[in-house]
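One structure is given below, encoded as structure tokens.
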Amino acid sequence: MSYLCLENVVKTFNKTEVVKKMNLVIKQGELVSFLGPSGCGKTTTLNMIAGFLDVDGGKIVVDGKPVHLLPPNKREMGMVFQNYALFPHMTVFENVAYGLKLRKVSKDEIKSRVAEALEMVRLTGYEKRFPKELSGGQQQRVSLARALVIKPKVLLLDEPLSNLDAKLRQEMREEIVDIQKKVGITTIFVTHDQEEALAISDRIAVMYEGRIEQLDTPVEIYNHPHTDFVSRFIGEVNQVQGKVVKPLSEKESLVSFYGYEQIVTRHLAENGVIDFYIRPEKIHISLEPNNGIKVKVDRKMFLGAKTRYILQNKENKHIIADIPNTVLNPDHVQEGKDVSIQWNPEDLLATKK
Ligand SMILES: Nc1ncnc2c1ncn2[C@@H]1O[C@H](COP(=O)(O)OP(=O)(O)OP(=O)(O)O)[C@@H](O)[C@H]1O
Ligand SMILES: [Mg+2]
């Protein structure tokens with residue numbers, strides 16, 4: 001059931017629309033990531049949902065009620081910021097208790113709810129410390145406890161892990177998802193780290209220039225990107241050129257990739273030249289040079305479980321292939337040698353429109 005809805009939400013700064021008629025429906029308990037490059041409008045959208053910025057058009061609805069005209073403290077939302085934004089002169093207990101005090105909750109209840117929130121983020125015993133006496137990860141957990149303690153309807157996280165080192169980041173993201181699922185709270189998680197978004201989200205909203213390009217599960221976003229931008233932004237892709245030999249039917253065309261012909265499930269105009277995308281892990285290497293597109297092994301990089309092969313075709317174009325070492329022993333592939341590559345035509349991704 002829809003729980004948080006954005007309907008044609010617009011934000012304009014200095015006559016430039018930075019959020020363009022955005023529509024979004026999030027179900028109760030769902031974790032949706034906003035993923036997109038710097039400046040695409042992630043923080044602006046989050047701030048409009050939280051109430052720190054007014055909308056210049058459209059509606060925001062939570063649990064059936066419009067909230068876009070309410071002040072932030074009446075919206076029942078918990079927010080976690082990139083820089084934690086803890087009050088430096090307050091202890092951990094006071095930081096977490098702050099929102100409850102504002103809401104005039106009784107002393108006894110504040111005590112038990114702060115204790116519960118700190119337990120959830122595994123910081124029981126840290127009540128008397130000040131933020132400067134905590135590590136980055138601990139400060140981020142206090143910030144999460146402070147957001148959750150008010151029992152918000154929606155949790156908003158703006159790049160909450162970007163100040164942490166890679167390993168801690170991974171641990172914290174698992175912790176956040178565990179807590180999110182346990183509490184069952186509807187959550188928006190802003191990130192520009194695609195791996196993070198793929199790992200934690202129920203659905204990802206890929207944003208570009210103030211719009212949502214695609215809203216889908218991580219698997220769908222990765223395997224079936226709908227636009228050129230999503231194909232290039234999520235994961236890695238090779239761009240390969242196909243020359244249309246002839247259309248075969250309404251749904252199929254014969255396409256030549258550097259002389260290697262394949263049937264592609266799309267109707268394409270005769271003699272057209274189309275760019276396709278193919279992910280490095282979808283390329284198969286055959287040690288026999290005449291078994292597909294002939295390429296030279298320019299370089300190989302052993303990456304532990306897999307090897308990355310940088311291949312060069314006769315037009316001097318580089319194609320990257322990632323092959324698990326259990327599938328192809330890298331010792332059998334010599335740099336400078338000719339091999340051939342292939343792919344399944346159904347693994348070709350959305351192309352330029
Ligand atoms: N207060 C403001 N006044 C004018 N322009 C602004 C303001 N806040 C944001 N912008 C502009 O709006 C656009 C969207 O900014 P926003 O902060 O939402 O991006 P973002 O997706 O969060 O980027 P990042 O990943 O860098 O945090 C940017 O072009 C930014 O320069
Ligand atoms: Mg931002």
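What follows is calculated from the coordinates using simple rules that are stated; it is not laboratory data. Not measured: the values here are computed from a predicted model. Positions of Cβ are generated from backbone atoms using ideal geometry, with glycine treated the same way; all protein chains shown enter the neighbour counts.
Would you tally the net charge around GLN28, using a Cβ to Cβ cut-off of less than 11 Å, leaving GLN28 out, and scoring K and R as +1, D and E as -1?
Residues near GLN28 contribute 0 overall.
What translational diffusion coefficient, to the nearest whole µm²/s, does the stretch 11-61 have by Stokes-Einstein, given a Kirkwood radius computed over alpha-carbon pairs, a temperature of 25 °C and 0.890 mPa s viscosity?
Answer from the Stokes-Einstein relation: 205 µm²/s.
Of the beta bridges DSSP finds with both residues in the chain, what % are antiparallel, to the nearest 5? Show your work: numbers first, answer last.
Values: 57 of 75 bridges.
Counting only bridges with both partners in the chain, antiparallel ones make up about 75 percent.
Taking the Cα centre of the stretch 2-233 as the origin and placing charges on Cβ (Lys, Arg +1; Asp, Glu -1), which of VAL67, SER38, SER231 is farthest toward the positive end of the dipole?
VAL67
Testing the spin-label approximation: label points 7 Å from Cα along Cα→Cβ at ASN344 and HIS224. State their distance in nm.
1.4 nm
Residue farthest toward the positive end of the dipole of the stretch 1-137, with Cβ of Lys/Arg at +1 and Asp/Glu at -1: which of THR91, ASN47, PHE13?
Toward the positive end, the furthest listed residue is PHE13.
In debye to the nearest 20, how big a dipole does the stretch 238-344 give about its Cα centre with +1 on each Lys and Arg Cβ and -1 on each Asp and Glu Cβ?
Dipole about the Cα centre, nearest 20: 160 debye.
Write down the Kirkwood hydrodynamic radius of the stretch 2-233, to one decimal in angstroms, obtained as one divided by the mean of 1/r over all alpha carbon pairs.
Across the stretch 2-233, the inverse of the average 1/r is 18.1 Å.
I need THR43, THR265, THR227 ordered by Cβ neighbour count within 10 Å, fewest first.
Numbers: THR43 19, THR265 12, THR227 16.
Fewest to most other Cβ atoms nearby, the residues stand as THR265, THR227, THR43.
Among GLN140, ALA199, SER340, which residue has its Cα positioned farthest towards the positive end of the charge dipole of the chain, with +1 placed on the Cβ of Lys and Arg, -1 on the Cβ of Asp and Glu, and the dipole taken about the Cα centre?
After comparing all options, I get GLN140.
Subtract the Cα-Cα distance of LYS167 and LYS132 from 0.36 nm times their separation in residues, and report this length gain in nm to one decimal. Present the calculation step by step, with values, prior to reporting the outcome.
Working: separation 35, 0.36 × 35 = 12.60 nm, distance 2.13 nm.
The LYS167-LYS132 span can extend by a further 10.5 nm.
Would you please put 303-316, 211-224 in order of how densely packed they are, using the mean number of other Cβ atoms within 10 angstrom per residue and starting with the highest?
So the order, starting with the most tightly packed, is 211-224, 303-316.
For the stretch 1-155, with only Lys/Arg (+1) and Asp/Glu (-1) charged at the beta-carbon, what is the dipole magnitude about the Cα centre, in debye rounded to 20? Show your work: numbers first, answer last.
Details: 24 positive and 14 negative charges, 31 e Å.
Rounded to the nearest 20 debye, it is 140 debye.
Which FRET efficiency value, to the nearest 0.05, is calculated for MET1 and GLU281 with the Förster distance at 51 angstrom and r the Cβ-Cβ distance? Show your work: numbers first, answer last.
Numbers: r = 37 Å, r/R0 = 0.72.
The value I calculate is 0.90.
For a quick check, take a GNM of the chain with Cα springs below 10 Å and name the residue from ASN95, ASN23, ASN290 with the largest mean-square fluctuation.
Comparing ASN95, ASN23, ASN290 in the GNM, the peak value goes to ASN290.
For the stretch 238-344, what is one quarter of the convex hull surface built on the Cα atoms, given in nm²?
That works out to 6.5 nm², a quarter of the Cα hull's surface.
Based solely on its DSSP helices, what 222 nm [θ] is calculated for the chain when runs of n ≥ 4 H residues each add -39,500 (n - 2.57) and the sum is averaged over all residues, nearest 500 deg cm²/dmol?
So the calculated ellipticity at 222 nm is -7000 deg cm²/dmol.
Under 15 Å from a label point 7 Å along Cα→Cβ of GLU315: give me every residue in the stretch 257-277 with its amide N that close.
Only 257-262, 271-277 fall inside the zone, counting backbone N under 15 Å.
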